[in-house]
Each structure stands twice: as C-alpha cells, then as structure tokens.
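Let me begin by presenting the structure, written as structure tokens, before commenting on it.
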Amino acid sequence: MHITALAGGVGGARFLRGLLAHVDRTPELAGTHVTVIGNTGDDITLFGLRVSPDLDTVLYTLGGGIHEGQGWGRADETHSVQGELAAYGVEPQWFGLGDKDFGTHVARSLWLGQGQSLSEVTARLASRWGLPELGVTLLPMSDTPVETHVVIEDEQGQRAVHFQEWWVRMQAEVPAQRFVVAGMDRATPAPGVLDAIRTADLVLLPPSNPVVSIGIILGVPGVRDALRGSRAPVVGVSPLISGAPVRGHADACLEAIGVESSAGGVAGLYADFLDGWLVAKEDADLQSSGRLTVEARPLLMSSIEATADIAGAAIDLGRRLARTTG
Ligand code: FO1
C-alpha cells in the first residue's frame with residue numbers, strides 16, 4: 001500500500017510514528033510505503049544556517065532522536081554552542097538550538113551551499129535516521145526557499161515578523177492579522193510531490209496545524225489540484241478537540257484567517273478535496289455531509305499505541321471510502 005501524508009511539525013510527526021507502529025502490527029499492511037510531504041514554511045536562517053523545523057521534527061521523531069517532552073529538537077541535548085553565541089551577544093537567543101541539532105543545520109547548510117537541492121539534502125539526512133528502512137520517504141513540499149511571515153500590529157506599528165518569532169518569542173499572543181508566505185509565488189512542488197499524491201492508495205492529513213502547516217503545503221502550486229483530482233481517498237484527522245489544539249496555537253491561526261476553531265471549521269478548509277474526517281468524541285455532533293464522511297473516536301495521541309489506533313481508524317475509513325467511490 002502507498003500512503004502519502006502531508007505533515008507539519010510535532011502533531012504530524014507523532015501521528016506518523018503511530019502510523020508506522022500500526023503498519024508494523026498489521027500483517028496485511030506489510031510492505032506499505034509512506035511518502036511524507038513536509039512543510040517548509042517554518043524554515044528560518046539563523047547564524048548563517050538554514051533550519052527546517054518541521055522536516056527535522058519528522059526526522060528526529062521517526063528516527064528515534066526526538067526530545068519527547070518538547071516534541072522538537074534532540075533528546076539528551078547540550079547547549080554549549082548557543083551559550084557561546086550568547087556570550088558574544090549574537091542574536092536571536094529566543095530560538096533554542098542544541099549542540100546536536102546544530103549538527104543537522106551545519107550539514108544541511110553545507111550541502112545546500114554546495115548546490116544540492118533541499119530534496120537531496122533531506123534524503124541524505126533521512127538516510128542517517130533510517131527512514132528508508134522504515135519504508136518512509138520524506139519530501140520537502142518545495143525545493144524553493146519559502147518562509148511564512150506573520151503580519152502583526154504592535155507598539156512598533158504594522159510589520160511582518162518571521163513565523164518562528166511569532167510562534168516562539170511571542171507565543172502567538174500578538175494577534176496575527178494575516179500570514180504571508182515569502183517566496184511562494186516562485187515555488188514549485190519538489191520532485192516527487194505531485195506524483196506521491198497521484199499514485200497514493202490513500203492520502204492522509206495528520207492532525208497538523210491547518211493554517212501554518214497543512215495550509216502552507218496546500219499553497220504550493222499544483223498540490224491542491226492534485227488532491228482534488230486524487231483517485232485515492234483523502235482522510236484527515238482533526239487537530240482540535242472541543243475546538244482547542246492539544247498543543248501549539250492552531251486556534252490563534254484559525255482566528256487570524258477568520259475560521260471557527262472547530263473540527264467543522266477545519267474540515268471546511270479542506271472541503272474541496274476531503275473525503276473522510278476523524279473527529280474527537282467530544283466533537284461527535286459534526287455530521288457527515290455531501291462527499292464528507294465524518295467519524296468520531298478518541299483522538300488524544302497519549303501514547304504510540306493510542307496514536308496507532310487513530311492511524312488505523314484513518315486507514316480503515318479510507319478503505320471503506322475507496323470501496324464506495326470505486
Ligand atoms: N519551539 C519553541 O517553542 N521554542 C524553541 O526554542 C524552539 C526551538 C526549535 C529549534 C529547532 C526546531 O526544529 C524546532 C524548534 N521549536 C521551538 C519548535 C518550532 O517552533 C515548531 O516545531 C514549528 O516550527 C511549528 O511546528
């Protein structure tokens with residue numbers, strides 16, 4: 001079976017780990033390949049290095065190197081390099097980069113500087129983390145550098161700040177007026193991205209941020225059309241439980257684009273291509289309508305096993321939809 005998933009950061013990576021656990025424990029899914037299309041709108045250049053947080057979070061989570069409590073960065077980290085930069089007064093200091101994590105950013109920046117594409121670089125990083133052996137291919141959504149910036153208004157007037165400054169330094173507490181993806185007007189899908197959608201037996205949308213993760217991937221020219229034309233069912237998992245994200249600031253992001261912070265509001269963002277939608281038990285009042293089949297179940301990714309159950313339910317829903325849509 002070929003599954004293609006659009007993934008953002010922590011929630012997406014954790015879901016993918018559960019998906020792989022479900023595949024491993026389900027004999028008839030043996031040989032399943034998972035292609036992950038990763039969000040690169042969170043990417044930032046710091047200290048002369050290119051950092052791709054959502055790609056790294058998938059690499060570390062699936063490769064077993066993730067800092068479990070944070071959901072990002074490496075386990076067993078030290079921060080000597082960051083301490084030295086601070087001692088020299090190098091800014092910014094609000095984005096925590098550990099020494100092991102710096103290794104990833106140095107390697108990525110070195111290879112990019114040698115003219116390799118982000119796809120090629122990501123494949124090299126992924127091989128170190130054993131993703132090929134897991135049956136996983138991680139593709140950046142685009143090889144074109146893009147960055148999500150957030151338009152805010154504060155005492156300095158109206159201005160755009162990098163997504164990471166809004167997300168990490170401001171903790172999304174300053175209202176976002178809108179999101180602008182610098183570079184998206186020149187972006188094209190990375191090699192294999194559209195093909196992964198077109199050849200999938202199932203397309204999954206993990207419970208990633210619908211605005212600044214999934215939404216950014218959908219903004220890459222051609223991606224949304226490929227999803228609309230998908231012969232495979234497209235099944236999503238609600239990132240909200242009773243209208244609130246389990247972590248992160250998806251509600252602030254939805255508010256910024258004028259969408260209700262609810263499982264129904266998010267489904268509306270995907271309405272032109274979504275076939276199945278898993279919602280939390282707490283949101284079971286959301287009914288199936290038109291092409292959309294809604295199913296309610298526990299959605300808290302409280303353990304790898306619980307997440308595997310959610311992923312299994314998404315696969316099963318996809319299978320039922322495939323039979324009905326033929
Ligand atoms: N998130 C934070 O809340 N604080 C940080 O200092 C921080 C550092 C960081 C470094 C590398 C990395 O890959 C991710 C990091 N994140 C941090 C998480 C990051 O902001 C989010 O993972 C995404 O970009 C949103 O999904």
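The values are calculated or read from the model by the stated rules, or taken from the named source; none is laboratory data. As the structure is a prediction and not an experimental result, all values here were calculated from the model. Counting neighbours? That spans all protein chains shown, and the Cβs are built from the backbone with ideal geometry, glycine included.
Starting from residues that are outside any helix (DSSP H, G or I) and touching a residue at least 40 places away in the same chain (Cβ under 8 Å), keep the ones in region 109-129 and report whichever is nearest to Thr40 (Cα to Cα).
Among those that are outside any helix (DSSP H, G or I) and touching a residue at least 40 places away in the same chain (Cβ under 8 Å), it is Ser117.
Mind checking which residues of region 270-285 are touching a residue at least 24 places away in the same chain (Cβ under 8 Å), touching a strand residue (DSSP E or B) at 6+ places or on another chain (Cβ under 9 Å) and either more than 25 Å from Ala21 (Cα to Cα) or of a type in the set (Lys, Arg) (or both)?
Residues satisfying the conditions are Tyr270, Phe273, Glu282, Asp283.
Would you check if there is a residue in region 162-169 being touching a Leu at 6+ places or on another chain (Cβ under 9 Å) and free of Cβ contacts under 8 Å to residues at least 60 places away in the same chain?
No, because not a single residue in region 162-169 is touching a Leu at 6+ places or on another chain (Cβ under 9 Å) and free of Cβ contacts under 8 Å to residues at least 60 places away in the same chain.
Just to be sure before I move on: is Leu204 among the aliphatic types (A, V, I, L, M), at pLDDT 95 or above, under 18 Å from the mean Cα position of the chain (by Cα) and more than 16 Å from the ligand (Cβ to nearest atom) in the structure I sent?
It is true that Leu204 is among the aliphatic types (A, V, I, L, M), at pLDDT 95 or above, under 18 Å from the mean Cα position of the chain (by Cα) and more than 16 Å from the ligand (Cβ to nearest atom).
When you scan region 243-257, how many residues do you find that are within 15 Å of Val168 (Cα to Cα) and either among the small types (Gly, Ala, Ser) or away from the ligand (no atom under 12 Å from the Cβ) (or both)?
Counting residues in region 243-257 that are within 15 Å of Val168 (Cα to Cα) and either among the small types (Gly, Ala, Ser) or away from the ligand (no atom under 12 Å from the Cβ) (or both) gives 3.
In the list Gly65, Gly73, Gly69, which residue meets the criterion of being modelled with pLDDT of 95 or more, within 14 Å of the ligand (Cβ to nearest atom), among the small types (Gly, Ala, Ser) and exposed (fewer than 13 other Cβ atoms within 10 Å of the Cβ)?
Residue meeting the stated conditions: Gly69.
Out of region 39-58, which residues are of a type in the set (A, V, I, L, M, F, W, C) and either near the ligand (Cβ under 6 Å from one of its atoms) or more than 16 Å from Leu6 (Cβ to Cβ) (or both)?
Across region 39-58, the qualifying residues are Ile44, Leu46, Phe47, Leu49, Val51.
Restricting the search to region 136-174, which residues are more than 16 Å from the ligand (Cβ to nearest atom) and under 22 Å from Leu218 (Cα atoms)?
Val136, Thr137, Leu139, Ser142, Asp143, Thr144, Val151, Ala160
Going through Glu305, Glu295 one at a time, which residue ends up being more than 23 Å from Val211 (Cβ to Cβ), in a helix (DSSP H, G or I) and touching a residue at least 12 places away in the same chain (Cβ under 8 Å)?
Glu305
Sort out which residues of region 90-122 are buried (at least 17 other Cβ atoms within 10 Å of the Cβ) and of a type in the set (A, V, I, L, M), and write them in order of number.
Selection gives Leu97, Leu112, Leu118, Val121.
What pairs can you find where one residue is in region 70-99 and not assigned by TED's automatic domain parsing to the domain that holds Arg169 and assigned to a helix (DSSP H, G or I), the other is of a type in the set (Asp, Glu) and more than 10 Å from the ligand (Cβ to nearest atom), and their Cβ atoms are less than 6 Å apart, with a gap of 6+ or different chains?
Note: pairs meeting the criteria are Ser80/Asp99; Val81/Asp99.
Of the residues in region 87-112, how many are touching a His at 6+ places or on another chain (Cβ under 9 Å) and more than 9 Å from the ligand (Cβ to nearest atom)?
The total comes to 1.
May I ask you to list the residues in region 175-187 that are within 15 Å of the ligand (Cβ to nearest atom) and farther than 19 Å from Asp54 by Cα?
Ala176, the sole residue that qualifies.
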